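These notes are about the structure you will find just below.
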Amino acid sequence: MEPPNKHTRSNEELTISHSSPDLSALPEPVLVHILSFMDPKEAVQTCILSKRWRKLWTLIPSLNLINFRFKGTDAAFVHFVTSMLYFRGASKLETFSLHWRASKHVADEEFCQIHVGVATSWIYSVLSCKPLAISLELHKFHYLKLPHALFTCASLEQLELKLYSYSNNEEPLGPKYVNLPNLKKLMLSELTLNDPIMQGIFSGCPLLKELSLSCCILEFSEMKSDMLSHLSFIGCRGSKVVEIFMPSLISLYLTNQCLEKTKLSLKNTASLVKVCLFYSYFDVSRFSGALEFFKCLTAVPVIDLKFYGSGVKDLLEKIIPNCPIFHNLKQLTFGQWGTNEKLDVLCQLLQHTPNLEKLTLEHKKVECSRRAKQKGATMEIPFRCEKLKVIEVKYSDPSGVHELVEVLLRNTSRGERLRIDYSRS
């Protein structure tokens, strides 16, 4: 018997190949789901596969367009997106995201205005699809004026605006514009916000539950909302005093720039239970805002307080002598905490948390001198947390973890009754 030709396949292989299902035979929702994981340009190119694939890409429920990932020039990107939105028509669109960073060599004023006109036309096309969420991140778009329809779109539940290198005498977001009856989440970056604008946002978005302000200039004196439950200030600056009236507020996130330059006053926040503070650095000459904020926390039922950033130790070292007693605090978290990073400061803070039940330390490896290690190992600053039950340590590097816990156990009377939980992050 002659050996089979290596170029011929067996009957079994032919049968398997013949019986393999065709991708095009899958249900339409499955195919659309597959296309949604592809790059928009690649998804559109599937239209040449067969007649059935011709319009499948138009049913993708989300579009994520990023020009600096697009292979080609700005002109090619503009042509592609314009054509795609035209042929897509008014097909239902759930989410739309546009990140457009104009080329560095684009300096001609007329050319910039052309880009602005193109971006505006795209927004109108997207709004005709009644989207649920829109995210716009635009760099170097001078003279941009966002269309009025964007702030009166009844279908929108989430809106994110990041306008970098923006310069226009007329702000793109005005109090008369906002009428978003179903908006639940709003994220604003690089904008100047005054009292009329903030009043317009809260009155025009009656269901708003989450608000995030990033690198914004604050020119308002108060924030009032009965529905808002989550509020974030990230790298904001401006107003000297901001009073917050939010009876439904549950969580508050702050970075050091805000507390150093703005005094936040909690006037009506009876539901506030979670506060997260991130300090990448701390300017000791500007601690009054942080101290006033800490005093405000004693008047609200905050039960979960979190600290992150390398500047936390310097902040606490300055504030602790005048720090209030946190009677309601039950959970305390320190992120990025090292073995020999001023543990005396931590122990002193624990003296101000008599009802603490859980302490979480997210440990990081710290390289330090032998002298620093000896100083850290001999410190004795006792604290009394009679209700403390658990010390949780999350670590990526085990070096120094046990030494960290030993210092804490040595300084508390509840050492033998505590549960120590370790987990690798």
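Scanning region 206-223 for residues being surrounded by 16 or more Cβ atoms within 10 Å (Cβ to Cβ) and either modelled with pLDDT of 95 or more or assigned to a strand (DSSP E or B) (or both) gives a total of 9. Among the candidates Ser280, Ser271, the residue that is surrounded by fewer than 17 Cβ atoms within 10 Å (Cβ to Cβ) and either farther than 18 Å from Ser251 by Cα or without any contact (Cβ under 8 Å) to a residue 12 or more places away in the chain (or both) is uniquely Ser280.
Selection within region 274-290: residues that are within 14 Å of Gly311 (Cα to Cα) and part of a helix (DSSP H, G or I). The member of this set that is modelled with the highest pLDDT is Ala290.
Residues that are surrounded by fewer than 19 Cβ atoms within 10 Å (Cβ to Cβ) and over 11 Å from Tyr279 (Cβ atoms) within region 331-344 comprise Thr333, Lys342, Asp344, listed in sequence order. If I filter region 119-131 for residues that are at pLDDT below 90, among the charged types (D, E, K, R) and farther than 17 Å from Met187 by Cβ, do I get at least one hit? No; the residues of region 119-131 include none that is at pLDDT below 90, among the charged types (D, E, K, R) and farther than 17 Å from Met187 by Cβ.
Between Ser232, Ser271, the distinction of being in a strand (DSSP E or B) and not aliphatic (A, V, I, L, M) belongs to Ser232 only.
Conditions tested, residue by residue: (1) farther than 20 Å from Thr262 by Cα; (2) modelled with pLDDT of 85 or more; (3) of a type in the set (Lys, Arg); (4) assigned to a loop (DSSP other than H, G, I, E, B).
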position	(1), (2), (3), (4)
Glu292	no, no, no, no
Phe307	no, yes, no, no
Leu329	yes, yes, no, yes
Leu332	yes, yes, no, no
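Of all residues in region 46-83, those being exposed (fewer than 15 other Cβ atoms within 10 Å of the Cβ) and either touching a residue at least 60 places away in the same chain (Cβ under 8 Å) or over 26 Å from Leu138 (Cα atoms) (or both) number 7.
For Tyr86, the conditions (1) at pLDDT below 85; (2) loosely packed, with under 13 Cβ neighbours inside 10 Å; (3) in a helix (DSSP H, G or I) are fulfilled apart from (1). Annotation: of all residues in region 171-202 being modelled with pLDDT of 85 or more, of a type outside the set (Asp, Glu) and part of a loop (DSSP other than H, G, I, E, B), the one that is surrounded by the most Cβ atoms within 10 Å (Cβ to Cβ) is Leu183. Summed over region 256-268, the residues that are surrounded by 21 or more Cβ atoms within 10 Å (Cβ to Cβ) and either hydroxyl-bearing (Ser, Thr, Tyr) or free of Cβ contacts under 8 Å to residues at least 24 places away in the same chain (or both) give a count of 0.
Among residues of region 288-307 that are free of Cβ contacts under 8 Å to residues at least 12 places away in the same chain, none has a beta-carbon under 6 Å from a residue that is surrounded by fewer than 19 Cβ atoms within 10 Å (Cβ to Cβ) and of a type outside the set (D, E, K, R) at least six positions away or on a different chain. Exactly one residue out of His148, His115 is at negative phi, surrounded by fewer than 18 Cβ atoms within 10 Å (Cβ to Cβ), at pLDDT below 95 and not hydrophobic (A, V, I, L, M, F, W, C), and it is His148.
The values are calculated or read from the model by the stated rules, or taken from the named source; none is laboratory data. Only a predicted model underlies this, so the values are computations on that prediction, with no experimental measurement involved. Counting neighbours? That spans all protein chains shown, and the Cβs are built from the backbone with ideal geometry, glycine included.
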